[in-house]
Ligand SMILES: [Zn+2]
């Protein structure tokens with residue numbers, strides 16, 4: 001039986017806690033992980049088998065020694081978009097859990113099969129686009145079950161959600177962030193917008209998407225804002241290329257975002273040349289064949305400007321693709337294969353300096 005004195009010592013130690021760890025910070029549990037305050041854990045979220053096979057989502061948790069918000073960073077929803085995946089690899093080691101206020105949940109690769117198959121847009125197992133099936137379903141095919149796991153195990157745990165994308169393996173893209181400007185209520189919209197601005201790339205797109213309550217969320221961020229959790233998307237990177245400057249751009253933006261959220265110390269200088277995009281127009285192919293691009297992402301185009309030409313497989317002209325309106329090219333198809341109905345470009349048409 002312990003002495004009265006040893007019981008007092010144990011009680012005092014419990015009161016004081018581990019050195020450097022604030023009282024009241026509990027271990028963070030996620031999937032197979034139990035992460036102590038002031039430490040980092042790596043594990044997986046299980047996606048059980050259904051009509052097709054089981055899979056796993058690799059996750060890490062940086063659990064701060066001090067209390068603070070939970071920030072969920074999701075990469076690899078599109079598996080061939082590699083800049084977001086590499087950016088989390090580059091950024092996570094910079095975060096010192098002993099100094100962190102709050103918790104960062106890193107979804108390293110949401111769509112592992114798509115990443116390993118280098119599959120553009122869709123999961124190779126069920127050919128579904130994870131970025132169109134949220135909130136998912138537990139009895140669906142694998143893409144829907146991945147969405148369900150993220151919607152039930154990651155997003156509800158977070159105080160802020162970031163879905164990190166890039167141009168896909170066939171797309172040139174200029175860096176931008178975007179937030180839902182019409183859903184979630186005024187307070188959530190304002191906080192989402194502030195995060196999208198704090199990330200620090202010059203273009204901030206105001207998504208007009210406003211589904212009715214009974215309509216599916218489709219997108220990660222919509223699941224979040226419908227629950228009152230601010231969210232935004234990052235779009236940095238292009239063409240399946242490893243570009244260290246763009247990986248650094250995302251990592252630097254995550255430094256800024258965690259400072260904005262009060263999770264880490266450091267300066268947050270304003271972004272020069274900040275522009276808000278209120279309207280975009282998309283251009284789709286009307287012909288199938290070989291695309292010859294004539295503009296690059298980031299360029300400004302006039303109405304009627306040539307974006308590219310499509311030839312058939314015999315080299316004969318099939319379509320001249322032109323800009324329907326003047327604006328800034330946010331993304332443009334930049335590899336030759338093209339099918340009728342596919343997106344060729346998105347042009348920001350209403351760009352303004354202030355809201
Ligand atoms: Zn994407």
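Rule-based calculations on the coordinates, nothing more; no lab input. Because the structure is a prediction, the values reported are computed rather than measured. With ideal geometry, Cβ positions are generated from the backbone for all residues, glycine too; neighbour counts draw on all protein chains shown.
A few comments on the model shown:
- Residue among 110, 345, 302 with the largest mean-square fluctuation in a Gaussian network model of the chain, springs linking Cα atoms under 10 Å: 302
- Rounded, prolate or oblate (a/c below 1.5 giving rounded, otherwise prolate when a/b exceeds b/c) for segment 118-198 by Cα gyration tensor: oblate
- Cβ-to-Cβ counts within 10 Å put 313, 232, 207 in ascending order as 313, 207, 232, the fewest first.
- Per residue of the chain, the DSSP helices (runs of n ≥ 4 H) give a summed -39500 (n - 2.57) that works out to -6000 deg cm²/dmol at 222 nm.
- Å³ per residue enclosed by the Cα convex hull of segment 277-352: 67 Å³
- Compared with the dominant principal axis of the Cα atoms in the chain, helix 82-91 is inclined by about 30°.
- Cα gyration tensor category, rounded, prolate or oblate, for segment 187-289 with a/c compared to 1.5: oblate
- Shape summary: the chain maps onto an equivalent ellipsoid whose semi-axes, from the alpha-carbon gyration tensor, are 41, 23, 17 Å in decreasing order.
- Among 315, 68, 185, residue whose mean-square fluctuation peaks in a GNM of the chain (springs only between Cα atoms under 10 Å): 315
- Between helix 4-16 and the chain: long-axis angle, C-alpha atoms, 0 to 90°, nearest 10: 20 degrees
- Reducing segment 206-241 and segment 104-146 to their Cα centroids gives an inter-centroid distance of 15 Å.
- Sorting 171, 214 by the number of Cβ atoms found within 10 Å of their own Cβ, with the fewest placed first, yields 214, 171.
- Over segment 17-260, Cα pairs under 8 Å with separation of 6+ residues give a relative contact order of 20 percent.
- Residue of 314, 165, 63 that the Gaussian network model of the chain assigns the largest fluctuation, springs spanning Cα pairs under 10 Å: 314
- In terms of surrounding Cβ atoms within a 10 Å radius of their Cβ, 139, 248, 213 rank from fewest to most as 213, 139, 248.
- Global geometry of segment 128-173, whether rounded, prolate or oblate, following the gyration tensor of its Cα atoms and the 1.5 cut on a/c: oblate
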